[in-house]
Amino acid sequence: MSISSNYNFNDIEDKWYSYWIKNKYFHSKPDDREPYTIVIPPPNITGILHMGHMLNNTIQDILIRRARLLNKNACWIPGTDHASIATEAKVVESLNEKGIEKNKISREEFIKHAWDWKEKYGGIILEQLKKIGCSCDWDRTKFTLDENMNKSVINVFMDLYNKGLIYRGYRMVNWDPKAKTTLSDEEVNYVEKKDFLYYVKYKIEGEKDYLTIATTRPETILGDSAICVNPNDNRYKNLKGKNAIVPIAERKVPIIFDDYVDIEYGTGCLKVTPAHDINDKSIGDRHDLQFIDIFNEDATLNDYGLHHKGKDRFKARKDIIIELDKLGVLDKKEEIIHNVGISERTNEIIEPKFSHQWFLKMDDLVKPAINSVLVDNEIKLYPNKFDKTFRNWMENIRDWNISRQLYWGHQIPAYFYGNEKNDFVVAKDIDEAIDLAKEKSGNKNLTKDNLRQEEDVLDTWFSSWLWPISVFDGINNPENEDFKYYYPTSDLVTGPDILFFWVSRMIMAGYEFKKEKPFKNVYFTGIVRDKQRRKMSKSLGNSPDALKLISEYGADSVRVGLMLSSSAGNDLLFDESLCSQGRSFANKIWNSYRLIDGWDIKDIDQPEYCSVALNWYENKFQLILSQINDHFDKFRISDALMCVYKLIWDDFCSVLLEILKPKFSKPIDKKTHESLIMIFENNLKLLHPFMPFISEELWQSISERKVDQALVISKWPIAEEYDALIIEDFKFISDVITSVRSLRKKHNISFKESIELSVLNKENITDRYDSIIVKLCNISSLLYVDGEVNDAISFRVKTNTYYVPLSSEVNIEDEILKLENELSYNIGFLNSVDKKLSNKKFVKNAPEKVIEIERKKKSDAIAKIDLLKESVKKLKS
């Protein structure tokens, strides 16, 4: 089957992906083989393919395709996350475009709109993943709001509640005014921000004197309930029992005394706003202060904002500062730098807010997770530098706020039957809830109409933490065949930014619900950055369009480009030129087969140089295969690719094919051709995980294949013993060939002109490679001599000296000048090495390997200088 003269990825990518899908090569069922399972980090249904997805899923596909070639039962579960906050925002935006307001329709109507939006847009990213060749088992695609997934979440919530691990509490939480929901502590990022500290004077009731307090948030003055000072502060002892007047509000508040106030900090006076600061809330509880929440859900001011009602908090701040100044109570302001909490979801500044929320106790859940990673080594993190990050997060964990004030998501299965804080039950559905409510309340007359289900939904991560279990229905049906076969999964590939949000919680869930690890290894990719080390983002405009890259370079080339710039846990400095390098590699592979395919094959004797070269390559292949396998074992995926890259480009294309290539218009022998095709097929097997499309195309081009003979399900090469001496000897011979070619170039000896070559063989190198030297260097005769050869140009490889007779056309004086210039350079080089080695500080501090390299440089330079001196001496005699 002949191939086109140019590699056109557009002609093959859809063809082979459709072929793979049609023949269900990606589909997995339990059998007698060893399972290899990966669960995809489910992308948000709001997402579109970006560089982070490309990197993460390329690595997963490399691992799963290699596992398939290793004859493991490879199962890669795809799916998407319902992404409560992001999706609800998209649905609200969509409704607004239609003139529909969320608060004007029922929850049920909103949910219907949300499902419609999901059906229209939610699968886009999965279709895009197919473009880069992801070999997921699409028949097993999951969605975190699927019916059985929802059932898993509800069952887990009930289980944890019944164990006393889930509770409802009135706490200060992180409120996102844009999303109008709470966030967990882990969903808040803290950034340094320049701000002002405002000093404001509060009039003491019935006196002319003032108390001065300092605040960064003048708008919260309207929610003040007291002024607090330390009881040991002598400056304010006379104020006991007195009141202060809150500026603008003109509200009378007590001056109270509490040890919390630091006498040395600021003015020693603290404004107490219980609704907007957790420490103030504690003071307020101790002193029975009024609780005044001045904000609406969107952080605009409510009725307590007085004439600033309806203003956004930051607009209100500006206006209140102006008003305080006009009132003469703004004493001064100072510029400060402080940390401000930002919502990871919306980038909105977080507002501290008190509300009833649901929490999960974490203290006991973290213990088996910590042991599995840091003590028992049951789960390995790659690279292991993340062990420290994992420890830090897990040992400083706080209870998890799991409720969100949204419609889209898993609605919390709590049902209220009264107005007291504990008048609720937790049940799988309303039928179970009514029975429990009757029992708990003692009221047998309760009906379903008396029950009101909690309106909040669960944090998205509360469903995601079950992902490796729930995709196999392991919560609802733990004895099912799939779960028993595929769980625990094998490897997880994800970004370090969700180590806590997702990875650590999945580990906790695995041990809590299944008493077993959810996966064996976690491979952390780096963050994709541009050449200036900036994180790629839409706002910076530095993130290339992933699909456009694929359409321009082809999926295989983009995969190679990503992997060439990526190493585990290290940030990826992406440069589009790497995709171009990937395309060049694809063209090199393509053209190498075109070359082989174009040779005329005859049943003739095999030349010696062919058998020798093939034997060398087979040994070199085994060496590289062992290195590739080792890299995969250690999750050095980029290093594995580089091994394949160099093997094919350098050893196969640049060396082996050059040796085997028959002379112009001459045939190649059948035996060599058959061996070469076997070698090429093995190369394709190594290449396939990285470049699946071109490798399958070439595999199918070599010969007509049946459905069960496709490359995607072929066998990974078997590692065998190799002869290291053959590889070392060939490296030596390669140096000889390179030196002969350099000599020809230096002395203007045409390659068409055959030359004699004599060798003083002190290395005792075998003569089995002579036929290769003769062919590649156009040698008319290769002689082994016992002594120096006169009237010849020489070079040295290790201790061997090689001589090429001087042509009568060579200008002796020019040759002497060239040699003397080279001699001068090498003497200077030797002096620089000597200087380094005589530096005691360098020798003391440098690694032994570095010192050995410098010593090797010195010995090589001395040998070369000796040879050059001998050559000059001979030419002058």
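For the reader, a short list of remarks on this structure follows.
- Residue separation of LYS588 and ASP233 scaled by 0.36 nm, minus their Cα-Cα distance, works out to 119.7 nm of gained length.
- About the Cα centre, charge dipole magnitude for the range 730-873 (Lys/Arg +1, Asp/Glu -1 at Cβ), debye: 1060 debye
- In this Cβ point-charge picture (+1 for Lys and Arg, -1 for Asp and Glu), the chain has a dipole of about 1480 debye about its Cα centre.
- Packing, as the average of other Cβ atoms within 10 Å across residues, places the peptides 545-553, 724-732, 621-629 in the order 621-629, 545-553, 724-732, highest first.
- Working ranking of peptides 764-776, 65-77 by packing, defined as the average number of other Cβ atoms within 10 Å per residue, highest first, is 65-77, 764-776.
- Ligands, DNA and RNA left out, the accessible area of the chain computed with a 1.4 Å probe is 47% carbon and sulfur.
- Set of aspartates and glutamates near LYS514 by C-alpha distance (under 14 Å), chain-local residues within fewer than 8 positions excluded: ASP159, ASP473, GLU479
- Packing rank of 790-801, 517-528, 50-61, where each peptide gets the mean count of other beta carbons within 10 Å, highest leading: 50-61, 517-528, 790-801
- Listed residue (HIS276, LEU564, SER859) projecting farthest to the positive dipole end of the chain, Cβ model: SER859
- Accessible area in the full protein assembly, largest first, 1.4 Å probe, for HIS410, HIS631: HIS631, HIS410
- With a Förster radius of 30 Å applied to the beta-carbon distance between LYS428 and ASN480, the computed FRET efficiency rounds to 0.95.
- Multiplying the residue separation of LYS240 and SER754 by 0.36 nm and subtracting their alpha-carbon distance yields 174.0 nm.
- Cα-based helix-to-principal-axis angle, 608-633 vs the chain, degrees rounded to 10: 20 degrees
- Cα shape, the range 325-458, gyration tensor, a/c 1.5 rule: oblate
- Prolate/oblate/rounded call for the range 366-433, Cα gyration tensor, a/c under 1.5 rounded: prolate
- 0 to 90° range, to nearest 10: angle between helix 313-327 axis and the chain longest Cα axis: 50 degrees
- Helix axis angle, 848-876 relative to the chain longest principal axis, alpha carbon, degrees: 30 degrees
- Helical content of the chain, expressed as a calculated mean residue ellipticity at 222 nm, amounts to -13000 deg cm²/dmol (DSSP H runs of 4 or more residues, -39,500 (n - 2.57) each, divided by residue number, nearest 500).
- Of all DSSP beta bridges confined to the range 740-877, the antiparallel ones make up roughly 65%.
- At a probe radius of 1.4 angstrom, the accessible area of the chain per residue rounds to 47 square angstrom.
- Taking a straight Cα-Cα cut-off under 16 Å and skipping sequence neighbours fewer than 8 places away in the same chain, the lysines within cross-link reach of LYS844 are LYS835, LYS836.
The values are calculated or read from the model by the stated rules, or taken from the named source; none is laboratory data. Keep in mind the model is a prediction, meaning the values are calculated, not measured. So basically every Cβ, Gly included, is an ideal-geometry build from the backbone, and we count neighbours across all protein chains shown. For accessibility, only protein heavy atoms count, side chains too; no ligands or nucleic acids. Shrake-Rupley method; radii C 1.70, N 1.55, O 1.52, S 1.80 Å.
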